[in-house]
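Presented below is the structure to which this report refers.
The values are calculated or read from the model by the stated rules, or taken from the named source; none is laboratory data. All values derive from a computational prediction rather than experimental measurement. A quick note on method: Cβ atoms are made from the backbone with ideal geometry, for glycine too, and the neighbour counts reach across all protein chains shown.
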Amino acid sequence: MTWRTVPLRNIILTLLDKRQGVLIDKELIRLLKNNRVKVTPEELDRTLMELEIGGKIHVQQITKAKRKIELLGERRYLAIAED
C-alpha cells in the first residue's frame, strides 16, 4: 500500500467521471500510469471492491480477463403513488 495525497478511490472516480462513467480495467490501469499513480493489482481490486460495496460503481466481468467499470449516478426512488 502506497501513501498518496489523493486517495486512489477519488482518482478512480475522477477518471470515470471524465470518461462519461465507463472504463475497461486495462484502460483504467493505463490512465493511472499516465497520471503517475503506482498501484498494485491487489490494491486496485480492493479499491474497486470498496467502491462497488459503497454503491459508487458497478464492475461487470466482460470476458475472463476484461472488466467493465461503470460509475453509478444518484438513485431516485419513487414512492408508490409517484409511478
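Within region 13-49, the residues that satisfy the criterion of being under 16 Å from TRP3 (Cβ atoms) and among the basic types (Lys, Arg) are ARG36, LYS38, ARG46. Number of residues in region 1-22 that are closer than 16 Å to GLU70 by Cβ and out of contact with any helix residue (DSSP H, G or I) (no Cβ under 6 Å at 6 or more places or on another chain) equals 10. When every residue of region 46-57 is checked against the conditions, none turns out to be hydroxyl-bearing (Ser, Thr, Tyr), over 16 Å from GLY73 (Cα atoms), surrounded by 10 or more Cβ atoms within 10 Å (Cβ to Cβ) and modelled with pLDDT under 95. Within region 33-46, none of the residues are assigned to a helix (DSSP H, G or I) and touching a Ser or Thr at 6+ places or on another chain (Cβ under 7 Å).
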